[in-house]
Amino acid sequence: MMNNWIVIGIIAGLAAGLLQAGGSSGNAVGLMMIYLASFPLFIAGLGWGAVTAALGALVMIVGYLIGFGWKAAFYVALSAGIAPVVLSHLALQNRPASVGPADEGEVSDTDRAWYPEGRLVVWTAIASAILSVLVILALGPDVDSFRAAVGEVLQPLFDEMAKQPNAPAADQIEQIRSFVVLVLPAALSIVWCISTMVNMYLAGSVLRKTGAGLRPWAPFSQLAFPRWAIWILSASAVGTFLPGTLGAFAWVFTAALMLAYAILGLAVMHGLLDNHPMRGFLLGLFYLSMLFLSAIAIVPLIMLGMFDQSFNIRKRNKPPD
């Protein structure tokens, strides 16, 4: 590991801040830059330790505080600063491999067993939900205020839609606007969860290929969740029946955790097709079908992930050594 972790942290913070600032253009490229803002901090955290990531996050936050004010600093801290620090700290936890069996798919390196990747996915989903709730509360005292504020921001876009040739009727546009505002809190947690996991995965892949990573990573097909994850999903799903803000917040947690279980379902698919002679073709066909049937395919994936956690179908279908 390099000794100049301070330089690495400062560079990572500056890079993350520039990526966030690039989103001010408002186009697709700018949006992609915002989604990648936590990538430099994950590189710093997974390659040089969580303290380095924390330094980078501090540099980014202070830069935004000086240049754009406390509200912008608060937003970047939530959107890109906190998750890389916390997840890097968790990812680098390890224990002696002799302490217990690897019952959650964790990978071992010499005599050390590393923090399970499945727990990182679950904590990413939970953190995304918590951060989404904090953003909602920051924009309004409750979810209705948040939706009203977002509705006002989006109204010019729908006004422009109404002016286009062959535009939908006014009542249809209003229904679309109402639907977008309704699902936005849950969608926010999903987008946050996806971008965080993608950045963590990309950072881990880059560090592994360059030999700079501090930990090994298990194959995706070995991904497994802790038993308590299903209970959190169940509790949040029950909470969606609550009225008002509490029910909306429960939807935020449910959406993020259902995404996590869909990812577990994908890992189960990979595991079941291990050693299959047509594995590459079948997985490619499956991913291609998801491009066209994503909304339909995600439900079976969630169910497959839950089923595997309960009955461990990957282990049952594994050929004997």
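Could you tell me which numbered condition Ala138 fails, if it satisfies all but one of (1) surrounded by 20 or more Cβ atoms within 10 Å (Cβ to Cβ); (2) in contact (Cβ under 8 Å) with a residue 40 or more places away in the chain?
(1)
Out of Ala167, Ala187, I need the residue that is surrounded by fewer than 19 Cβ atoms within 10 Å (Cβ to Cβ), in contact (Cβ under 8 Å) with a residue 60 or more places away in the chain and hydrophobic (A, V, I, L, M, F, W, C). Which one?
Step by step, each of Ala167, Ala187 is checked, and only Ala187 is surrounded by fewer than 19 Cβ atoms within 10 Å (Cβ to Cβ), in contact (Cβ under 8 Å) with a residue 60 or more places away in the chain and hydrophobic (A, V, I, L, M, F, W, C).
Do you know which of the residues in the range 243-293 that are closer than 18 Å to Leu188 by Cα and among the hydroxyl-bearing types (Ser, Thr, Tyr) is farthest from the chain's Cα centre (by Cα)?
Checking each candidate, the answer is Thr245.
State which residue pairs qualify: first residue without any contact (Cβ under 8 Å) to a residue 12 or more places away in the chain and inside the range 231-260, second residue open to solvent by 60 Å² or more (accessible area, probe 1.4 Å) in any location, beta carbons under 9 Å apart, and separation of 6 or more residues or different chains.
Gly247/Phe241
Based on this model, can you work out whether Met2 counts as loosely packed, with under 15 Cβ neighbours inside 10 Å, modelled with pLDDT under 90 and either in a helix (DSSP H, G or I) or of a type in the set (D, E, K, R) (or both)?
no
If I ask for residues that are over 16 Å from Cys193 (Cβ atoms) and not small (Gly, Ala, Ser), which ones from the range 247-271 would you list?
Scanning the range 247-271 gives Val268, Met269, His270.
For the range 83-106, give me each residue that is at pLDDT 90 or above, part of a loop (DSSP other than H, G, I, E, B) and open to solvent by 80 Å² or more (accessible area, probe 1.4 Å). I'd like the intermediate steps shown before the answer.
Within the range 83-106, the subset at pLDDT 90 or above is 83-93.
Applying the additional criterion that residues be part of a loop (DSSP other than H, G, I, E, B) yields 92-93.
Result: no residue meets the conditions.
All but one of (1) within 30 Å of Ser108 (Cβ to Cβ); (2) at pLDDT below 90 hold for Val183; state the number of the condition that does not hold.
Of the numbered conditions (1) within 30 Å of Ser108 (Cβ to Cβ); (2) at pLDDT below 90, the odd one out for Val183 is (1).
Please determine whether any residue of the range 200-214 is among the basic types (Lys, Arg) and in contact with a Gly (Cβ under 9 Å, 6 or more places away or on another chain). Can you show your working first?
As a first pass, look at the range 200-214 and keep what is among the basic types (Lys, Arg): 208-209.
Adding the requirement that they be in contact with a Gly (Cβ under 9 Å, 6 or more places away or on another chain) leaves none.
Scanning the range 200-214, I find no residue that is among the basic types (Lys, Arg) and in contact with a Gly (Cβ under 9 Å, 6 or more places away or on another chain), so the answer is no.
The values are calculated or read from the model by the stated rules, or taken from the named source; none is laboratory data. Only a predicted model underlies this, so the values are computations on that prediction, with no experimental measurement involved. Using ideal geometry, Cβ is built from the backbone for each residue, glycine included, and neighbour counts are taken over all protein chains shown. Heads up: the accessible areas ignore ligands, DNA and RNA and are worked out on the full protein's heavy atoms, side chains in. Shrake-Rupley method; radii C 1.70, N 1.55, O 1.52, S 1.80 Å.
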